[in-house]
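Chemist: Before we start, here is the structure in question, set down as structure tokens.
The values are calculated or read from the model by the stated rules, or taken from the named source; none is laboratory data. Given the structure is predicted, the values throughout are model-derived calculations rather than measurements. Positions of Cβ are generated from backbone atoms using ideal geometry, with glycine treated the same way; all protein chains shown enter the neighbour counts. All accessible areas refer to the heavy atoms of the entire protein, side chains included, with ligands and DNA or RNA removed. Shrake-Rupley method; radii C 1.70, N 1.55, O 1.52, S 1.80 Å.
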Amino acid sequence: MTIGLDVCIAIISLAVLYYIFIINRDISAQWIAGSIVVLSGGAYLFFKYIPATKGKKKMLPSRVVKLVLLDDDGTSVKEWYIQGETSVLIGKSSRNSEADIDLSDTPYASLISPQHAVLNKASGQWFIEDIDSASGVGVRKRNQSKSSKLEIEEPSLIEAGDLIYIANTRILVK
């Protein structure tokens, strides 16, 4: 459909140029009409073929390198480096499954599912997803005072400074 529109615009432009420069002999009309056709054609081509980037947020590569387990006072208890990984399972390790981020020794371990959440890296960004846990996953974005509970199997972008809640366990994204 756009090819037909392009052809139609080209034919009309050529017809106008033919009339102005071949049939019409008024020099000032030739300059004015020629300038209008050239400028409008250039503007059309510019806006049609130059991709619009205004309003689109460019996704920058994530600077997330580790996760930090915090105690009730906000003190660092344990750290996990995730740089170079593409997927990280958060939960409790057992004989049947092994979690990359093992929270089985945390105070709220009884509220944590063996496969509670997963972090996946896509397009240079980290996303967290609740994988049908019993007690849920929350995320508090940096510079915000409230956390939001994730919907099951709905990925949510996480960035450095965000706080992840696995049951009542807090993990700082760094």
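Chemist: Quick one: 3J(HN,Hα) in Hz for the stretch 74-89, Karplus 6.51/-1.76/1.60 with θ = phi - 60°, rounded, Gly and Pro as x.
Modeler: For the stretch 74-89, the Karplus-derived couplings read x, 8, 5, 10, 8, 10, 10, 8, 10, 4, x, 8, 10, 8, 9, 8 Hz, x marking Gly and Pro.
Chemist: Also: At a 1.4 Å probe, what is the % contribution of carbon and sulfur to the accessible area of the chain?
Modeler: 58
Chemist: A further question follows. Averaged per residue, what accessible surface does the chain expose to a 1.4 Å probe, in Å²?
Modeler: 68
Chemist: Also, quick follow-up: Placing unit charges on C-beta atoms (Lys and Arg positive, Asp and Glu negative, everything else neutral), compute the dipole magnitude of the chain about its Cα centre in debye, rounded to 20.
Modeler: 800
Chemist: Mind checking which aspartates and glutamates have their Cα closer than 20 Å to the Cα of LYS92? Skip sequence neighbours fewer than 8 apart in that chain.
Modeler: Those aspartates and glutamates meeting the cut-off are ASP71, ASP72, GLU79, ASP100, ASP102, ASP105, GLU129, ASP130, ASP132, GLU153.
Chemist: Would you pull out the residues with amide H under 5 Å of ALA160's amide H, same chain only if 5 or more places away, H placed 1.01 Å from N?
Modeler: Close amide H contacts, sequence-distant or interchain: ARG63, VAL64.
Chemist: Identify, among VAL88, VAL118, PRO155, the residue whose Cα sits farthest towards the positive end of the charge dipole of the chain, taking +1 on the Cβ of Lys and Arg and -1 on the Cβ of Asp and Glu, with the dipole about the Cα centre.
Modeler: The residue sitting farthest along the positive end of the dipole is PRO155.
Chemist: How much FRET efficiency would the formula 1/(1 + (r/R0)^6) give for ASN168 and SER123, where r is the Cβ-Cβ distance and R0 is 22 Å, rounded to 0.05?
Modeler: After rounding to 0.05, the efficiency reads 0.10.
Chemist: So, one more: Given the pairs LYS121/LYS149; LYS78/LYS141; LYS48/LYS174, which are separated by over 32 angstrom at their Cα positions?
Modeler: LYS48/LYS174
Chemist: Right, here's the next one. Can you tell which of LYS92, LYS146, LYS66 shows the greatest fluctuation in a Gaussian network model of the chain with Cα springs below 10 Å?
Modeler: LYS146
Chemist: Report, as a whole number in µm² per second, the diffusion coefficient that Stokes-Einstein gives for the stretch 23-139 at 4 °C and 1.567 mPa s using the Kirkwood radius over alpha carbon pairs.
Modeler: Roughly 68 µm²/s, to the nearest whole number.
Chemist: Relative contact order of the chain: what whole-number percent is it, with Cα pairs under 8 angstrom and at least 6 residues apart?
Modeler: For the chain, the relative contact order is 17 percent.
Chemist: Once the Cα atoms of helix 2-18 and of the chain are each reduced to a long axis, what angle between those two axes, in degrees from 0 to 90 to the nearest 10, is obtained?
Modeler: 30
Chemist: If you don't mind, there's one more thing I want to ask. For the chain, modelled as a Gaussian network with Cα springs under 10 Å, which listed residue fluctuates most, VAL88, VAL37, VAL68?
Modeler: Maximum among the listed residues: VAL37.
Chemist: What value, in deg cm²/dmol to 500, does the helix sum -39500 (n - 2.57) over DSSP H runs of n ≥ 4 give at 222 nm once divided by the residues of the chain?
Modeler: -8000 deg cm²/dmol
Chemist: Connecting C-alpha atoms closer than 10 Å in a GNM of the chain, tell me which of LEU14, LEU163, LEU150 has the biggest fluctuation.
Modeler: LEU14
Chemist: Something else now. Return a whole-number percent for the relative contact order of the stretch 79-174, with Cα pairs under 8 Å and 6 or more residues apart as the contact set.
Modeler: About 21 percent, as a whole number.
Chemist: Set the Förster radius R0 to 25 Å, insert the Cβ-Cβ distance between SER110 and VAL77 as r into 1/(1 + (r/R0)^6), and round the FRET efficiency to 0.05.
Modeler: 0.90
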